[in-house]
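The values are calculated or read from the model by the stated rules, or taken from the named source; none is laboratory data. This one's a predicted model, so the numbers in the text were calculated from it and none came from an experiment. Here the Cβ is made from the backbone with ideal geometry for all residues, glycine too, and neighbour counts use every protein chain on show.
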Amino acid sequence: MATILVLTHPHDLFRSRHFVVQALFPHWTDMGHRVIVHEGTANLPGADAVLLHVDRTVVPDDYIDALGKYRVVLNGTTRDIGKRVVSANLVGPYDDYRGPVIVKTNANAGGMPERLHEEIARRKGEPPRAPVRYMSERYPVFASFAEVPSELRLDPDLVVEKFLPEREREGEQWGYCSRHWLFFGDRERCHRILGPHPVVKGIDMIRRDAVPIPDEIRAARARLGFDFGKFDFVLHEGAPVLLDVNRTPTLPANMSAFVKAGMEELAKGMAGILG
């Protein structure tokens, strides 16, 4: 059986948070594997496989360099998952685009992971880094690109993206949909949630349905080099639109039965990776 190393950053607060990968540990142990969680790149232990699990948009170079000593590396090519890398629908500050747009942080999850890292570094007295813009993930939507203030268009920490929603009627009201694909190796699950707001969140969910994964989204996974993670996307007028990717997806503190039921199946994806 294998030793699986999960490589984290000391500022991730890995052991006190609720990451999807933690829910896989008991199943891997039941399969006979040994799981090691290691913070930082010093004194790295030996392992049969290593999973890069640093909760930052851009992984520091020393973590990428450290992966080279391992035979099997998961998510080793996911160094940068910012919107400028992921999105195919960005609008430049001087583009002639007339449709509705949404303003987001280039950083993943509204910049919250970077904000957490900065706060912990400050408490430890570490040298300050350049701050990353934080924004609530209720990103603002503008009816037209012309309405976006210039300070937002020109902010290097922000991106302006075409707003390409998926809409569906629920009773007398029109709602917004978002699709979420969670995968580990060859095991996966994908569902669509319907909510009342343009930026769909699970807390607002009206309905959830299992849905297939379009070939275009699978191709994006291959291009970005993901072995494990979560992709958010929509079908806008029938065309797949990738919104966000995450190499360190989290779970609700109290896992719902729906979520918990899928963890054992997801954990089986390790077998195909180890070979």
> Applying the selection to the stretch 194-223, what residues are part of a strand (DSSP E or B) and crowded, with 16+ Cβ neighbours inside 10 Å?
Replying inline: 194, 195
>> Give me the residue from the stretch 29-42 that is over 16 Å from residue 14 (Cβ atoms) and in contact (Cβ under 8 Å) with a residue 24 or more places away in the chain and, out of that set, surrounded by the most Cβ atoms within 10 Å (Cβ to Cβ).
In response: 33
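Hey, can you tell me all the residues within the stretch 80-105 that are charged (D, E, K, R) and part of a loop (DSSP other than H, G, I, E, B)?
Step one: of the stretch 80-105, the residues charged (D, E, K, R) are 80, 83-84, 95-96, 98, 104.
If the condition is that a residue be charged (D, E, K, R) and part of a loop (DSSP other than H, G, I, E, B), then 95, 96, 98 are the ones that fit.
Which members of the stretch 43-79 meet the condition of being surrounded by fewer than 16 Cβ atoms within 10 Å (Cβ to Cβ) and outside any loop (DSSP other than H, G, I, E, B)?
Just the residues of the stretch 43-79 that are surrounded by fewer than 16 Cβ atoms within 10 Å (Cβ to Cβ), to begin with: 43, 45-46, 48, 60-62, 65, 68-69, 71, 77.
Correct list: 61, 62, 65, 68, 69.
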> Considering only the stretch 156-183, how many residues are more than 30 Å from residue 251 (Cβ to Cβ), modelled with pLDDT of 95 or more and charged (D, E, K, R)?
Replying inline: 1
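Among the residues of the stretch 21-29, is any of a type outside the set (Phe, Trp, Tyr), touching a helix residue (DSSP H, G or I) at 6+ places or on another chain (Cβ under 7 Å) and in a loop (DSSP other than H, G, I, E, B)? Working first, answer last.
Filtering the stretch 21-29 for residues of a type outside the set (Phe, Trp, Tyr) gives 21-24, 26-27, 29.
The next check asks that each one be touching a helix residue (DSSP H, G or I) at 6+ places or on another chain (Cβ under 7 Å); those that pass are 23-24, 27.
Okay, now just the ones that are also in a loop (DSSP other than H, G, I, E, B), so none.
The answer is no, given that none of the residues of the stretch 21-29 is of a type outside the set (Phe, Trp, Tyr), touching a helix residue (DSSP H, G or I) at 6+ places or on another chain (Cβ under 7 Å) and in a loop (DSSP other than H, G, I, E, B).
In this structure, is residue 131 closer than 21 Å to residue 79 by Cβ and either of a type in the set (D, E, K, R) or in contact (Cβ under 8 Å) with a residue 12 or more places away in the chain (or both)? Before you say what the answer is, go through the steps one by one.
Details: closer than 21 Å to residue 79 by Cβ: yes; either of a type in the set (D, E, K, R) or in contact (Cβ under 8 Å) with a residue 12 or more places away in the chain (or both): yes.
It is true that residue 131 is closer than 21 Å to residue 79 by Cβ and either of a type in the set (D, E, K, R) or in contact (Cβ under 8 Å) with a residue 12 or more places away in the chain (or both).
Does residue 148 satisfy the criteria of being modelled with pLDDT of 95 or more and more than 24 Å from the chain's Cα centre (by Cα)?
Numbers: modelled with pLDDT of 95 or more: yes; more than 24 Å from the chain's Cα centre (by Cα): yes.
So residue 148 fits the description; yes.
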> Condition test on residue 226, is it part of a strand (DSSP E or B), of a type in the set (A, V, I, L, M, F, W, C), in contact with a strand residue (DSSP E or B) (Cβ under 9 Å, 6 or more places away or on another chain) and surrounded by 18 or more Cβ atoms within 10 Å (Cβ to Cβ)?
Replying inline: no
> Does the stretch 67-84 hold any residues that are β-branched (Val, Ile, Thr) and over 30 Å from residue 158 (Cα atoms), and which are they?
Replying inline: 72, 73
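Suppose the filter is touching a Ser or Thr at 6+ places or on another chain (Cβ under 7 Å), over 25 Å from residue 95 (Cβ atoms) and not small (Gly, Ala, Ser); does residue 119 pass it?
Values: touching a Ser or Thr at 6+ places or on another chain (Cβ under 7 Å): no; over 25 Å from residue 95 (Cβ atoms): yes; not small (Gly, Ala, Ser): yes.
No: the conditions fail for residue 119.
To keep it simple, each residue is scored yes or no on (1) part of a loop (DSSP other than H, G, I, E, B); (2) touching a residue at least 60 places away in the same chain (Cβ under 8 Å).
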{"residue": "109", "(1), (2)": "no, yes"}
{"residue": "117", "(1), (2)": "no, yes"}
{"residue": "120", "(1), (2)": "no, yes"}
{"residue": "135", "(1), (2)": "yes, no"}
{"residue": "138", "(1), (2)": "yes, yes"}
{"residue": "152", "(1), (2)": "no, no"}
{"residue": "164", "(1), (2)": "yes, yes"}
{"residue": "175", "(1), (2)": "no, no"}
{"residue": "183", "(1), (2)": "no, yes"}
> Regarding residue 166, is this residue among the acidic types (Asp, Glu), farther than 23 Å from residue 105 by Cα and surrounded by 14 or more Cβ atoms within 10 Å (Cβ to Cβ)?
Replying inline: no
